[in-house]
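S.K.: The structure's right below; bear with me while I get my questions together.
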Amino acid sequence: EKMPTPYEMIGEHTLSKLVDAFYKRVASHPDLAPIFPKDLTETARKQKQFLTQYLGGPSLYTKEHGHPMLRARHLPFPITEKRANAWLSCMYDAMNEIELDASIREGLFSRLALTAKHMINSVENEN
Ligand code: HEM
């Protein structure tokens, strides 16, 4: 018997709810909203595809967009430590809102925290 993937444990419906709850917070976060598009429909669609494969599900993102190269794709945006923490706090709150299973929450959050730190490409200035 094969072990279920995290994607199978979470399920497509819950993953979709998580991403929607996440971008709802991003849209109104003072540190994040300015660097994101006003309309987050397409961003959320890509994130659902990405997280599906990140969690061991089908390679939906790569099939449509090619290799994720996440750090490179984030280079056009100034991602500071503060923004990485803001991203993670939106994710943390989204996980709470949808009441993601505790068994999945910790592992997923700590993995996302590593990925988020890896995206940092700018140092904050003083002003
Ligand atoms: C795209 C910001 C971390 C996955 C984007 C975009 C921004 C952004 C501004 C462009 C949105 C658009 O044009 O539609 C940030 C910030 C982060 C962060 C501030 C803080 C560390 C992450 C992490 C992941 C991720 C941790 C994965 C777990 C993606 C994906 C896209 C994206 C898949 C779409 C790329 C594409 O255009 O194909 N992000 N991001 N991001 N981000 Fe992040």
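No value in this document is a laboratory result; all are computed from the given coordinates. Everything numeric here is computed off the predicted structure, so don't read it as measured data. Positions of Cβ are generated from backbone atoms using ideal geometry, with glycine treated the same way; all protein chains shown enter the neighbour counts.
S.K.: Please state which of the following conditions Trp87 fails to meet, knowing it meets all the rest: (1) closer than 22 Å to Pro4 by Cα; (2) touching a residue at least 40 places away in the same chain (Cβ under 8 Å); (3) among the aromatic types (Phe, Trp, Tyr).
M.R.: The single condition Trp87 does not satisfy is (1).
S.K.: Taking the criterion of being near the ligand (Cβ under 7 Å from one of its atoms) and among the small types (Gly, Ala, Ser), would at least one residue in the range 51-67 satisfy it? Step through it out loud before you land on a result.
M.R.: Restricting attention to the range 51-67, the residues satisfying the condition of being near the ligand (Cβ under 7 Å from one of its atoms) are 51, 54, 61, 65.
Keeping just the survivors that are among the small types (Gly, Ala, Ser) gives none.
No; the residues of the range 51-67 include none that is near the ligand (Cβ under 7 Å from one of its atoms) and among the small types (Gly, Ala, Ser).
S.K.: I would also like to ask the following. Which members of the range 1-20 meet the condition of being assigned to a helix (DSSP H, G or I) and either surrounded by fewer than 13 Cβ atoms within 10 Å (Cβ to Cβ) or away from the ligand (no atom under 15 Å from the Cβ) (or both)? Before you say what the answer is, go through the steps one by one.
M.R.: So the first thing to find is which residues in the range 1-20 are assigned to a helix (DSSP H, G or I), and the list is 6-10, 12-20.
Selection gives Glu8, Met9, Glu12, His13, Thr14, Lys17.
S.K.: May I ask you to verify whether Pro37 is within 14 Å of the chain's Cα centre (by Cα), without any contact (Cβ under 8 Å) to a residue 40 or more places away in the chain, within 10 Å of the ligand (Cβ to nearest atom) and in a loop (DSSP other than H, G, I, E, B)?
M.R.: Judged against the criteria, Pro37 is not a match.
S.K.: Here is a further query. Taking the stated definitions as given, is Pro30 farther than 20 Å from Asp101 by Cα and either surrounded by fewer than 14 Cβ atoms within 10 Å (Cβ to Cβ) or near the ligand (Cβ under 9 Å from one of its atoms) (or both)? Give the steps one after another, and end with the answer.
M.R.: On the way: farther than 20 Å from Asp101 by Cα: yes; either surrounded by fewer than 14 Cβ atoms within 10 Å (Cβ to Cβ) or near the ligand (Cβ under 9 Å from one of its atoms) (or both): yes.
Yes; evaluated as a whole, the condition is true for this residue.
S.K.: Say we look at the range 35-79 and pick out the residues that are β-branched (Val, Ile, Thr) and buried (at least 17 other Cβ atoms within 10 Å of the Cβ); which of these is farthest from Ala113 (Cα to Cα)?
M.R.: Here the answer is Thr52.
S.K.: Turning to a different aspect of this structure: Quick one: in the range 98-127, of everything that is of a type in the set (Asp, Glu) and more than 15 Å from the ligand (Cβ to nearest atom), which residue is nearest to Leu70 (Cα to Cα)?
M.R.: Step by step, filter the range 98-127, then rank; the result is Glu106.
S.K.: Restrict the check to the range 101-117 and report whether at least one residue is under 23 Å from Thr5 (Cβ atoms), touching a residue at least 40 places away in the same chain (Cβ under 8 Å) and of a type in the set (Val, Ile, Thr).
M.R.: Yes.
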